[in-house]
Structures are given as C-alpha cells and as structure tokens.
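Reviewing the structure listed below.
The values are calculated or read from the model by the stated rules, or taken from the named source; none is laboratory data. All values reported here derive from a predicted model rather than from experimental measurement. For neighbour counting, all protein chains shown are included, and Cβ atoms are generated from backbone atoms with ideal geometry for every residue, glycine included. Please note that ligands, DNA and RNA were not included when accessible areas were found on the heavy atoms of the full protein model with its side chains. Shrake-Rupley method; radii C 1.70, N 1.55, O 1.52, S 1.80 Å.
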Amino acid sequence: ELKGIVFVIQSQSNSFHSKRAEDLKRDILKQAVDLGKELPMVLLIHQIDRHEGAWTILPLMKDFSLTYGRNSSWIFFCEEDTRIQVVKLLETLRRFDKSKEWFLGKALYDEESTIIHHYAFAENPTVFKFPDFAAGWALSIPLVNKLAKKLKSEPLKSDFTIDLKHEIALYIWQKGEGPHLTPVPEFCTDDVNSYKVDHCATTFSNFLPLCGEPVNMEDVFVAVKTCRKFHGDRIPVVKQTWEREAALIEYYSDYADISIPTIDLGIPNTERGHCGKTFAILERFLNHTSPRTPWLVVVDDDTLISIFRLRKLLSCYDPNEPVFLGERYGYGLGTGGYSYITGGGGMVFSRAAVQKLLASKCRCYSRDAPDDMVLGMCFSGLGIPITHSPLFHQARPMDYPKDYLSHQIPVSFHKHWNIDPVKVYFTWLAPNTEESHNGKKVGYNREDL
C-alpha cells in the first residue's frame, strides 16, 4: 500500500533547492490523491533534523526505525530532481518481499579503483554496486531496523564523508554480512521525455538548471590559487582552456610574475592547506573589487571549470543570501562535525556570504590549515548551510562511473594527474560541447579519457 512507503527527499535548505523539494512533495501527494489512496508520509531531509549530518542519512536510521519501524514497509529516498510515477513505483516494490532485508536502486560501479573510494575493491572494482541517488533508492523496514540497531552498538567510524552513495552501500554490505544492492531496472535516470522511459518508475531531469538569463560575465570574479613552482605547467592550461570565459580573473601566488600576471598577497606558499592565502583572497574580494560583483569563485590552478555553465547555474541562486556552493564533503558528522565545500572542484561564494564570514571572528588556526575545512567549520558556526551541487567534481572524469556522469552537464573537474587536461576540458566542459537551448543535451564526443 502507498501509505506503507515513507518518501524521503534529499533536500537542502537553500531557497532554490527547498522550493524544488517542496514541488516534488506536492507532486507525490497529488498523485496519491488522484489514485484515491491514503496519503503517504513525505519528508524533506533538511526539515527532519537540525543535525548537521542529516544529509548523510545513516544518522537518521534510529529515528526512522522508531517512528516507522512498525507500520511501514519501505523508506524510499530520492533527490529533488527525481520524478516519480507512484503507480509504477508501487508495482515495482510489490515484487520484493517486504518482510526481508532489501537494498534497492539503480546500480553504479567503478570501472577502475579510484581515490574517491579509497581504492576499494582494487582487484576488481566492478563487483561492488552502489546506488545512483538520482534514480531513487529504497530500504525495506527490516533492513532499516537492523541498521538502527547496528548504529546503536557500533557508531559510524569514518571521519570523512566523501561519496555518500558508496559509503552507505559499504556500511549496509558490512563485508558481506549485509545485503548487496539489488539493481532495479525501473529506477531510471533517463529524461522524462525520453523514448526509453515507458517501463520506468523514476526518471531524472538531467539538465543544467537555468532560472532565467545566465548571470553576466562581470558578475563573477574568479580567483585562481597558484604558486611559483606551477606557473610554468598549470597556468598555461588555464590560459588554453577556460580563462577566456572569465571577464574578471586574478591569479594569486607567492611570487609576482608580470607575464601571467600573478599577484603576491604576501602570504608564503605552504605545502598544504593554504588557509592563509584563501582568507587573504576573501579580504581582497570584499575590499578591492566592485561591490556590484555578487559572486566569487575560488579555484586551484589545476581545476578545470566551465564559467559559461556556472553563470547558468548561478541564475538559480539569490546573491543577497549567504550562498556557499560546490561539492559537499563532511567531517566527523556521526558525532556533530560539519560539512564543507571541497576546494579542488571550486568554491563559490555570494558576496553576502563573504561579508558574514569576515564580519565574524572565525579565521585560520594556522596558515597551512586546510582552507576548505576551516571555511566549512566557520559557516557551520555561523548557522549558514553549505549548498551542494553534484556538478562540481573534486576528481577527474575517469574517477566517476560513466553512468553517473551521463546524466550530468558538469561544471568542474580537478587534477591534471595522468590525463591531458586540455583534452579533458574540450571533451567535457568547453562551450562548444554545450547543451542545446531547450535544456536537452546534444551528443557529447566524450571519448574514454
């Protein structure tokens, strides 16, 4: 029965994202009414709990077990852009015995072992399957109850949350003691208008969000962090690729090189962390750029980014809100902790966010502290939630499953290690591979990189 399914939308509190999640909730409830069914419970993760780690889902299992452990059959999770055919979802779930432990989803796997999964299953990474959240995924209540019990006796061990879908699958699998992910062909990530979706219970709006005209080029100030030893190899890549997309760009180094040109902020280069340099960039943005420039992007010199697409994405956000946007990681979220935007994929700040941060007393505890983690800690302390976009990537295209990237129009990738970065840019990010005007993707020539 429909009332036996608890829908959990993996929502965020930023106004753009929360509205999309509310729209999806309304759609699910309207389908229930049209079917003449009793209304199911639909929860939005950002409203469930003020707990910073609610988005990592596992900390919520105890509550789910307590509240729904007796009267429900399934917890069904989805993203704000997942579209659900409720009738087909009911038909699909009926195929599985709800009294057993089930972990259902659209299966992703690594083609080669990857740093973002700590090189797990290095001998044959294809054996381990994890769910594509965009297609929706489901846990049967017996499995939820088991996980809740396990979490009571064995709290989450990992300090870092890097790729949640993989980490949840690992926790559920428990080295073979728990269930593997069962692939469900009706959980799909094809676009709702695709000819392939007749059998699908879920689909996914797979385009770059555009909420009006892209923001102007002059509305985005780009800060590139570099140092003298990388001037000769990394900066030429930026200049050959995405620099031309940026109207306002400065390179910050430990050495003023007029041929680039770079600006020496007076902060010595550190081997790691770069917190001192990043805070100096934030101060400079606030005090030395036009107050009419609403957005700041901070990238590494080995970040590959599409400023062209970023301008489209930023049309969805209100720069008068404190926005801190990028790829979300977590630190110590099982026991409090905080979320942060990982630096390599690019960190995007609204001017309002920079103002709030610098008006606070929160600063680096040392010059070489990890800048992205200190920023996460500061924003967490200020009660400013970070905003996650899966279109920013801390690693290279080959570090992600092809099927996962196939429903994305990416904004960034990071690292030049063992790749031709110019080729990666022109294959994945350049405006000439851009999607057509109606939001649908045209065929990218994405050869294996």
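Some notes on this structure:
- In the set (1) in a helix (DSSP H, G or I); (2) in contact with a Phe, Trp or Tyr (Cβ under 8 Å, 6 or more places away or on another chain); (3) open to solvent by 10 Å² or more (accessible area, probe 1.4 Å), the condition left unmet by L147 is number (3).
- Residues of the range 14-57 satisfying the condition of being within 17 Å of the chain's Cα centre (by Cα), assigned to a helix (DSSP H, G or I) and not hydroxyl-bearing (S, T, Y): F16, H17, R20, A21, I45, H46, A54, W55
- For the residues V422, V374, V411, the requirement of being open to solvent by 10 Å² or more (accessible area, probe 1.4 Å) and not charged (D, E, K, R) singles out V422.
- Selection count where residues are touching a residue at least 40 places away in the same chain (Cβ under 8 Å) and outside any helix (DSSP H, G or I), scope the range 119-144: 11
- Taking the range 272-289 as the range and being of a type outside the set (A, V, I, L, M, F, W, C), open to solvent by less than 20 Å² (accessible area, probe 1.4 Å) and farther than 18 Å from F221 by Cβ as the test, the residues that pass are G273, G276.
- Among the residues of the range 187-204, those identified as in contact with a strand residue (DSSP E or B) (Cβ under 7 Å, 6 or more places away or on another chain) and either open to solvent by 60 Å² or more (accessible area, probe 1.4 Å) or not in a helix (DSSP H, G or I) (or both) are F187, C188, T189, D190, D191, V192, A201, T202, T203, F204.
- Residue match in the range 124-144 (condition: open to solvent by 10 Å² or more (accessible area, probe 1.4 Å), over 25 Å from the mean Cα position of the chain (by Cα) and not acidic (D, E)): yes
- Top-ranked residue of the range 107-118 - restricted to ones that are part of a loop (DSSP other than H, G, I, E, B) and open to solvent by less than 30 Å² (accessible area, probe 1.4 Å), ranked as nearest to F187 (Cα to Cα): D110
- Scanning the range 58-103 for residues that are free of Cβ contacts under 8 Å to residues at least 60 places away in the same chain, of a type outside the set (S, T, N, Q) and outside any loop (DSSP other than H, G, I, E, B) yields L60, D63, V87, R94.
- Residue that is surrounded by the most Cβ atoms within 10 Å (Cβ to Cβ) [pool: residues in the range 290-314 that are among the β-branched types (V, I, T) and outside any strand (DSSP E or B)]: I307
The rows are residues; the columns are (1) surrounded by fewer than 20 Cβ atoms within 10 Å (Cβ to Cβ); (2) of a type outside the set (A, V, I, L, M, F, W, C).
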position: R26; (1), (2): yes, yes
position: L29; (1), (2): yes, no
position: E38; (1), (2): yes, yes
position: H46; (1), (2): yes, yes
position: L58; (1), (2): no, no
position: Y68; (1), (2): no, yes
position: F76; (1), (2): no, no
position: V86; (1), (2): no, no
